[in-house]
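*Asks:* What follows is a single structure, and I will ask about it in a moment.
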Amino acid sequence: MRELVDVMKALSDPGRVKVLKMLEAREMCACEIIGLLGLAQPTVSRHLKVLVDAGLIKGRKVGSWVHYRLALNSGSGSPYAQAMLAALPGWLENDPEVKAMRQAMAQENNHLTPLKLAAPQDCCDPVAANP
């Protein structure tokens, strides 16, 4: 029962649902998520921790940054998290906030080639972040 409650609590915050909708498109660095949400770094970090603890997302450390992705078919974790992630593509497709967020992501991505998308972003690059 605890696993189900944890997943439902994780999904009860609009900011966390927005993070899931962002990560539906691609893996993202924490700094990108912070920029798109427009929330303070500690707030976004708490949201990310709740989503990780619920088994909805996974993070991987790249230098001093963490890149997050959906925990789809992770083989471990909560079956409730997997069920929610399987349903995610149908959620909020016509929601104005989700549409605006996707437009912001598209504008950001328009400046990135596939090669640049695969590489760490400037904010994640220790040299670029600390000139």
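The values are calculated or read from the model by the stated rules, or taken from the named source; none is laboratory data. Predicted model, so just to flag it, every value in this text is computed and none were measured. Glycine gets a Cβ as well: all are built from the backbone with ideal geometry, and neighbour counts include every protein chain shown.
*Asks:* What pairs can you find where one residue is in segment 84-103 and without any contact (Cβ under 8 Å) to a residue 24 or more places away in the chain, the other is in a helix (DSSP H, G or I) and aromatic (Phe, Trp, Tyr), and their Cβ atoms are less than 8 Å apart, with a gap of 6+ or different chains?
*Replies:* none
*Asks:* Give segment 86-131 a look and list any residue that's within 16 Å of residue 27 (Cβ to Cβ), modelled with pLDDT of 80 or more and part of a loop (DSSP other than H, G, I, E, B), or say none.
*Replies:* none
Quick grid of which residues meet (1) in contact with a strand residue (DSSP E or B) (Cβ under 9 Å, 6 or more places away or on another chain); (2) of a type outside the set (Gly, Ala, Ser); (3) surrounded by fewer than 17 Cβ atoms within 10 Å (Cβ to Cβ); (4) more than 27 Å from residue 2 (Cα to Cα):
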residue: 58; (1), (2), (3), (4): yes, yes, no, no
residue: 62; (1), (2), (3), (4): yes, yes, yes, yes
residue: 65; (1), (2), (3), (4): yes, yes, no, yes
residue: 71; (1), (2), (3), (4): yes, no, no, no
residue: 82; (1), (2), (3), (4): no, yes, no, no
residue: 86; (1), (2), (3), (4): no, no, yes, no
residue: 89; (1), (2), (3), (4): no, yes, yes, no
residue: 95; (1), (2), (3), (4): no, yes, yes, yes
residue: 101; (1), (2), (3), (4): no, yes, no, yes
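*Asks:* Working carefully through the options 46, 16, find the one that is closer than 24 Å to residue 90 by Cβ and out of contact with any strand residue (DSSP E or B) (no Cβ under 6 Å at 6 or more places or on another chain).
*Replies:* From the options 46, 16, the qualifying one is 16.
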